Amino acid sequence: MDHDQAFELLPGYLDQELSLSETLEFERHLAGCKHCQQAYEQHRRVSAQLRQADLRVEAPPELVKRIKAALPGRRPPLWQRLGERLGRWSGGGSLNWAPVGAIAMSLVALTWSAGLYLSVPSSETRLTQELVDNHIRSLQFDHLSDVVSTDRHTVKPWFEGKLDYAPPVIDLAPQGYPLVGGRLDYLNGRPVAVMVYRYKLHPINLYVWPGKDAGGTPRLYGKQGYHLGHWSDAGMNYWAITDAGETELNGFITNLRSHS
Ligand SMILES: [Zn+2]
């Protein structure tokens with residue numbers, strides 16, 4: 001990638017709109033180009049300021065209603081339709097949902113690996129891709145931590161005033177997962193707190209933001225060689241991602257939840 005191409009991609013890079021390969025190529029160029037580094041720094045500072053400024057305006061309910069009415073109707077996701085159909089077959093009522101969930105999950109997995117049917121990726125698929133890209137980027141560009149500290153009493157106050165919520169910061173050093181820092185990142189359309197842990201030499205990024213998108217039982221995913229875990233606890237959504245093994249990730253999540 002030459003300088004002009006890189007310069008053109010800079011805004012997309014800042015907005016995390018590039019594909020992974022474009023991102024990696026761009027970062028290769030950036031590492032060796034002073035001009036692009038300066039431009040990147042300037043842009044980054046401006047967008048960070050914009051992000052912190054409270055520029056969000058709530059749309060009036062009337063406008064929301066009109067936009068919703070103008071959108072084409074969406075079909076419920078496959079698993080939901082399938083669940084409803086199974087529910088009807090079994091006579092509804094006292095349906096045991098566990099096997100339905102299992103069937104639906106494997107169908108989703110099949111559908112995903114086959115790359116068919118889901119022309120628009122589900123929000124979860126998009127989010128896991130975003131997480132993997134974000135995780136890789138945090139390692140590639142040496143942007144793992146904005147605040148580097150193994151002390152949760154340093155990390156926790158660092159988030160104050162930067163977010164409209166206080167993420168729980170827990171150290172798990174005695175359990176083999178030391179906290180090494182934290183950073184602000186932009187994910188799922190909002191600024192989020194990221195706590196950075198390590199298992200041996202493997203970084204673990206833990207993303208936290210308010211909401212209850214998942215149940216209390218963590219769901220584990222594998223994607224591009226990374227392991228991801230997703231759960232909700234006490235009004236917060238959690239996503240953990242690492243290149244450590246699934247057992248290690250499981251251990252991390254179990255320890256984290258028992259110390260929350
Ligand atoms: Zn350049």
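A short reminder: the numbers here are calculations on the coordinates, not readings from a lab. This is a predicted model, so every value here is computed, not measured. Cβ sites come from the backbone with ideal geometry, for glycine too, and all protein chains shown count toward neighbours.
Near the amide H of residue 223, under 5 Å away, which other amide H atoms are found, from residues 5 or more places off or on another chain, if H is placed in the peptide plane?
Residues meeting the criterion, in which the H sits 1.01 Å from N, are 228.
What aspartates and glutamates could a cross-link reach from residue 162, if we take a straight Cα to Cα line under 13 Å and drop same-chain neighbours fewer than 8 places away?
Output for residue 162: 54, 146, 185.
Quick check on packing: order 216-229, 31-44 by the mean number of other C-beta atoms within 10 Å, highest mean leading.
Descending packing order for the listed peptides: 216-229, 31-44.
Would you order 145, 21 from fewest to most other beta-carbon atoms within 10 Å of each residue's own beta-carbon?
Taking fewest neighbouring Cβ atoms as first place, the list is 21, 145.
Of 200/223; 156/212; 34/223, which pairs sit farther than 25 Å apart, going by alpha carbon to alpha carbon?
Listed pairs above 25 Å: 34/223.
What share of all Cα pairs of the stretch 122-260, in percent, falls into each consecutive 10 Å distance bin?
Computed distribution, short to long bins: 12, 49, 37, 3.
Apply the Karplus curve 6.51 cos²θ - 1.76 cosθ + 1.60, θ = phi - 60°, to the phi angles in the stretch 190-204 and return the couplings in whole Hz, x for Gly and Pro.
My calculation for the stretch 190-204 gives 7, x, 10, 7, 10, 9, 9, 10, 10, 10, 6, 9, 9, x, 10 Hz in order.
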